[in-house]
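The values are calculated or read from the model by the stated rules, or taken from the named source; none is laboratory data. Source: prediction; values computed, not measured. All Cβ positions, glycine included, derive from the backbone under ideal geometry; neighbour counts span all protein chains shown. In case anyone asks, the SASA skips ligands and DNA or RNA and just uses the protein heavy atoms, side chains included. Shrake-Rupley method; radii C 1.70, N 1.55, O 1.52, S 1.80 Å.
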Amino acid sequence: MKKSLLFATVAGLAFSASAQTVQDIPNAEWLKLDQGTYSFVTINMPAEDSVDPETGDIIPGVDKPRVVDNKNDGVQQFDSMNDGDVAVFKLNNTQESCYVLHFVTGTKNNGSSLMFELLDKDDNIEWSCDYTVANNGEWNARNKMLEGMAFIEDPLPTGEYKFRITFRNEAGGRTATVNLREISFEARESITSYSINLEVEPAGAGVAKKSPDMPMYLADAEVTISATANKGYKFIGWEAETEDGDTYAIEEASSKVYATCNVTYYAMFEEVIMTNKVPGNISFDTRILMNGNPETKAVSLDGESYMEGAEVYYLANYRAVEEGKGNNSEQFELDVTKDGNYTILAPTSTKQDEAHIIFTIYDFDEYTADAASAQPEYTGTLTAEKTGNWQKFVSNKLENVHLTKGHKLLNLEFHEPAAKKYTANLLYIKMGIGDDFGEEEAGIENVAVENNVNVKYYNLQGIEVAPSTKGLLILSNGTKVLNK
């Protein structure tokens with residue numbers, strides 16, 4: 001029968017409760033804090049120094065222990081640990097084995113870490129592990145907290161130990177760092193673990209993540225790696241390099257890999273031109289300024305489902321300008337390829353009356369040289385109709401937007417009568433001349449028609465019309481030809 005490490009709490013300095021008796025628990029392969037294996041946790045709180053207001057002398061802080069209560073629907077955890085906090089358990093190892101230390105973490109801070117240590121009866125460190133805690137953006141939701149593991153790869157001699165956990169954050173101070181729950185030890189005859197490291201090339205071009213996010217993994221553990229490009233870059237693939245120097249490639253940005261050796265995956269990105277082609281669709285990913293909070297939800301357009309079953313990305317949650325404060329604008333670079341009178345399509349949604357968006361287009365070079373004195377080539381206001389639902393969009397358009405060919409800057413400015421309230425959400429922006437909104441054009445076949453051949457002219461609805469009518473289908477000896 002396998003046995004495992006056994007916990008008993010060390011008596012707290014702030015109260016006189018005695019520690020649990022150290023004993024073996026039959027048939028206990030894993031011991032978990034949320035199964036009642038302890039009743040107290042004593043956290044040592046390093047106190048900060050203060051200053052005597054009268055003399056200016058430094059008053060050394062006095063460390064005080066505190067007790068972590070049973071919280072969060074009965075699941076015991078270390079709650080809101082701060083930089084420097086220490087928890088100590090009494091632990092009895094009843095079997096000389098290798099061990100996997102299992103635990104679950106939650107934090108909203110970057111730079112948090114846990115130092116795990118086992119100390120013998122003379123307070124010599126028998127084993128230690130410095131574990132970096134990934135920011136999962138959640139303190140307590142169990143389905144969002146992250147599984148963690150640390151490995152005692154050399155067999156641990158039997159006997160009594162202190163199990164010490166130190167909470168740290170690189171920012172220091174009293175800011176809460178991490179929550180910790182469900183600590184258990186799993187005995188194993190042997191342990192093989194590997195590292196999976198991620199790098200971004202070139203630096204700053206994107207973000208690489210792994211899930212679960214741990215320093216080391218048990219052999220053959222499944223890990224998902226994912227890469228997301230930053231503005232101005234696109235992902236082109238993973239390049240993997242093992243500790244033995246072997247290399248291989250992975251094409252998909254999100255891929256499952258397995259811990260079979262120590263390996264580094266390089267997320268490779270390349271720079272892309274971010275200018276929007278006009279006629280065409282304006283991509284929200286090409287923003288110069290990004291002041292709104294983007295959202296992705298299922299939405300409707302003019303009462304119909306827009307992109308059935310899809311989560312749609314749109315600009316959202318813009319606030320009104322307060323005099324002398326803030327900025328409520330978005331900006332995009334445009335490469336206008338044709339002179340002409342354009343139409344701007346821009347569906348909106350809002351819960352407020354009179355929310356509106358001002359579209360202003362400048363010559364890019366003039367604006368970047370001196371924004372204050374640059375004269376707009378076009379200015380127009382788009383009023384967002386009140387729909388009563390942020391995800392219920394209605395069509396809007398600006399017409400007769402005269403633009404000349406060249407490099408432009410589009411500025412969007414959001415307004416409403418009441419300050420500090422949401423204004424308008426924006427589903428997309430399309431700019432085109434006539435029916436040309438940047439879609440692929442059908443090829444036009446030039447057909448020579450003899451003067452003595454009877455040619456009939458039809459509109460696109462199939463009705464015969466006079467030859468002078470625009471937008472015709474020419475029927476020449478049975479061949480249909482689109483006439484510009």
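Across segment 311-333, which residue is modelled with the lowest pLDDT among those that are open to solvent by less than 60 Å² (accessible area, probe 1.4 Å) and assigned to a loop (DSSP other than H, G, I, E, B)? Going through the qualifying residues, I end up with Ala320. Scanning segment 137-152 for any residue that is open to solvent by less than 20 Å² (accessible area, probe 1.4 Å), touching a residue at least 24 places away in the same chain (Cβ under 8 Å) and assigned to a loop (DSSP other than H, G, I, E, B) turns up at least one such residue. Provide a single number: the residues in segment 192-243 that are part of a loop (DSSP other than H, G, I, E, B) and either more than 18 Å from Ala150 (Cβ to Cβ) or more than 16 Å from the chain's Cα centre (by Cα) (or both). Summing the residues that are part of a loop (DSSP other than H, G, I, E, B) and either more than 18 Å from Ala150 (Cβ to Cβ) or more than 16 Å from the chain's Cα centre (by Cα) (or both) in segment 192-243 gives 16. Summed over segment 154-172, the residues that are surrounded by fewer than 15 Cβ atoms within 10 Å (Cβ to Cβ), on the phi < 0 side of the Ramachandran plot and in a strand (DSSP E or B) give a count of 2.
For segment 300-310, the set of residues classified as open to solvent by less than 90 Å² (accessible area, probe 1.4 Å), aliphatic (A, V, I, L, M) and more than 21 Å from the chain's Cα centre (by Cα) consists of Leu301 only. Only one of the listed residues (Ala205, Ala240, Ala219, Ala227) is hydrophobic (A, V, I, L, M, F, W, C) and closer than 20 Å to Met290 by Cβ. That residue is Ala205. When the residues of segment 244-277 are filtered to those that are of a type in the set (A, V, I, L, M, F, W, C) and in a loop (DSSP other than H, G, I, E, B), the one that is least open to solvent (accessible area, probe 1.4 Å) is Ala259. Restricted to segment 120-136, and to residues there that are part of a loop (DSSP other than H, G, I, E, B) and open to solvent by less than 50 Å² (accessible area, probe 1.4 Å), the residue that is modelled with the highest pLDDT is Asp120. When you check Glu201 against the structure, is it under 30 Å from Asn82 (Cα atoms), open to solvent by 10 Å² or more (accessible area, probe 1.4 Å), in contact with a strand residue (DSSP E or B) (Cβ under 6 Å, 6 or more places away or on another chain) and of a type in the set (Asp, Glu), yes or no? No.
Looking at segment 369-472, the strands (runs of 3 or more DSSP E) lying wholly inside it that each contain 2 or more residues that are modelled with pLDDT under 75 and on the phi < 0 side of the Ramachandran plot sit at 456-459.
Just checking, how many residues over segment 209-233 are open to solvent by 30 Å² or more (accessible area, probe 1.4 Å), more than 30 Å from Ala187 (Cβ to Cβ), of a type outside the set (S, T, N, Q) and touching a strand residue (DSSP E or B) at 6+ places or on another chain (Cβ under 6 Å)? Residues meeting the conditions: 3.
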